[in-house]
Amino acid sequence: MPRCKSILLSALLFGSQAFATTFYADASIGKDTDPGTLAQPVKTLAKGMTLVKSDDTLLLQSGNYGDFSFGYAGADPKANWAWRPIAEVFSKWVTIAAAPGANPHLAKVQLGTLNHDTGWAISFEQKGNSDLRLRMEHLQIDDGIKIEGSRHVQIKHNTIRLTGDTITIMPRAGVSVFNGQFVTLDSNEITHSGIGIQGMTRDFVVRGNEIHHNSHDGISILGGENWLVEGNRIHDLDDGANDDEQKSGAKPWNMHVDGIHMYMVNSGAAKYAIGSRNFTFRNNVFYHLEAMGVMINANTAGGEYRDFTWENNIWGPVGGIGFHLGADFEERSCFATTPSSPLPPTPGPASSAGPWKAVRRVWPSGPSPPRPPRSTSSTTTSSASRSPFPPRTMWPGTSISPARTHRWTVSSSK
Ligand SMILES: [Ca+2]
Ligand SMILES: [Ca+2]
């Protein structure tokens, strides 16, 4: 009897693992009537996602897979209320990743919906509406990712851009996350975007991303709780217009382009976070930003800022000031060993001395440049074993002394 029990237990414990399957899609030569094996791949991502079950992996060969929408029922984009959440999409993680050596492109990615069953916009207090358990890795995403209402999503080692010129894409974010929970953005490159990452969510990890050459704020925080913003490199953000140019009408699109910009969006409705609580910012690097390194607005919309920790961040040169504090921190907020850096050489031939000054930098539009193919060693890589950045070093000839005290400027705009 104990033997039977143990066999039964083994079957229960390991049965599902035994059936974890890897499927393949190939946008060029696949056929959606094929079974999705390596030799007979399906053509579309949508078809591939009908094949995968919990614990499975879908690998994409090189090619263009177009828009990807997933994690809600009904898909009439003209009627928002037709998009309904699915309570649990997968019970174990499912991975969509580049096949070894492949460089697949997706266009616009939409995961989940803000709707509930009967109408528009779940409340923030609902803590999401759907357990996706979806991981996307080593992909080139050419028109941004929107994650709404979803819990358990990992976006790792992707290159994420927006499609369009630098002005028209300004209001959009490379990745936006609203009213979800347990979402992780890990080791992505977010470039040629408007806003880099925009969020109003909870239990959110933003780790090891490089956010650069965008035309709006690096990370736009609209409220939430339990955020870890760690090890990101945020640099070279500029919209190419200053306030004077806006007033003269020459460049009316002007924004203050900051590394991190925090303010509240709060009309009193339940769907808003009504506060920013328990945020940790550590080991981030900020430099070459048009306006402020970090800009925190007064929370005049109500709500609260509380329990913030800033530690071991590095502020390089920016066009405005390193840390603009426009609000009171409340309850257990602290700074620890937070240096600003000596100025590196100013880029450009005519500016070998003096502080860095924001100038318009233009980056090419059109197709994304090729990115290095992913490693062939495994389908998933832990963030601990892989970093997209070399070991953190300062600019040549400079170093940070542990004893250095902070040098950022703190001002109050109240
Ligand atoms: Ca500007
Ligand atoms: Ca801003």
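A short reminder: the numbers here are calculations on the coordinates, not readings from a lab. Quantities reported herein were computed from a predicted structural model and do not represent experimental measurements. Here the Cβ positions follow ideal geometry from the backbone for every residue, glycine too, while neighbour counts run over all protein chains shown.
Here the Karplus relation 6.51 cos²θ - 1.76 cosθ + 1.60, evaluated at θ = phi - 60°, turns the backbone of segment 107-121 into coupling constants of 9, 9, 10, 10, 10, x, 8, 7, 6, 10, 5, 10, x, 8, 6 Hz, with x for every Gly and Pro. Between the C-alpha center of segment 122-144 and that of segment 151-216 there is a gap of 11 Å. Scaled to the globular estimate 2.2 N^0.38 Å, the Cα spread of segment 58-336, given as radius of gyration, is 0.98.
Taking square-rooted eigenvalues a ≥ b ≥ c of the alpha carbon gyration tensor, is segment 88-156 rounded, prolate or oblate, where a/c under 1.5 means rounded and, failing that, a/b exceeding b/c means prolate? Here segment 88-156 falls in the prolate category. Here segment 58-336 is assigned +1 on the Cβ of each Lys and Arg and -1 on the Cβ of each Asp and Glu. Its dipole about the Cα centre then comes out at about 760 debye.
Taking amide H as placed 1.01 Å from N in the peptide plane, the amide H of LEU58 sits under 5 Å from that of PHE23, THR95, ILE96, ALA97, each at least 5 places away or on another chain.
Modelled spin-label separation between LYS108 and TRP253, with each label point placed 7 Å from Cα along the Cα-to-Cβ direction: 1.8 nm. Each DSSP beta bridge with both residues in segment 58-336 is either parallel or antiparallel, and the antiparallel ones are about 5%. Taking amide H as placed 1.01 Å from N in the peptide plane, GLY164 has its amide H under 5 Å from the amide H of GLY366, each at least 5 places away in sequence or on another chain.
Given that compact globular proteins tend to follow 2.2 N^0.38 Å, what is the ratio of the alpha-carbon Rg of segment 56-177 to that value?
Details: Rg = 14.7 Å, N = 122, 2.2 N^0.38 = 13.7 Å.
After normalising by residue count via 2.2 N^0.38 Å, the value is 1.08.
Computed from backbone phi, the HN-Hα couplings of segment 249-261 come to x, 5, 9, x, 8, 3, 10, 8, 8, 10, x, 10, 10 Hz, rounded to whole numbers (Karplus: 6.51 cos²θ - 1.76 cosθ + 1.60, θ = phi - 60°; Gly and Pro given as x).
Express in nm, to one decimal, how much length is gained between ASN226 and LYS31 on full extension, taking 0.36 nm for each residue of separation and deducting their alpha carbon distance.
On the way: separation 195, 0.36 × 195 = 70.20 nm, distance 4.37 nm.
Fully extending the segment from ASN226 to LYS31 adds 65.8 nm.
Among rounded, prolate and oblate, which fits segment 256-319 when a ≥ b ≥ c are the square roots of the eigenvalues of its C-alpha gyration tensor, a/c under 1.5 means rounded, and a/b larger than b/c means prolate? Don't skip to the answer; put the middle values down first.
Values: a/c = 3.26, a/b = 1.68, b/c = 1.94.
Judged from the Cα gyration tensor, segment 256-319 comes out oblate (a/c at least 1.5, b/c at or above a/b).
Between the listed residues HIS105, MET170, VAL153, the Cα displaced farthest toward the positive end of the dipole of segment 99-198, a dipole computed from Cβ unit charges relative to the Cα centre, is found at VAL153. Three principal axis extents describe the C-alpha atoms of segment 23-114; from largest down they are 40, 27, 23 Å.
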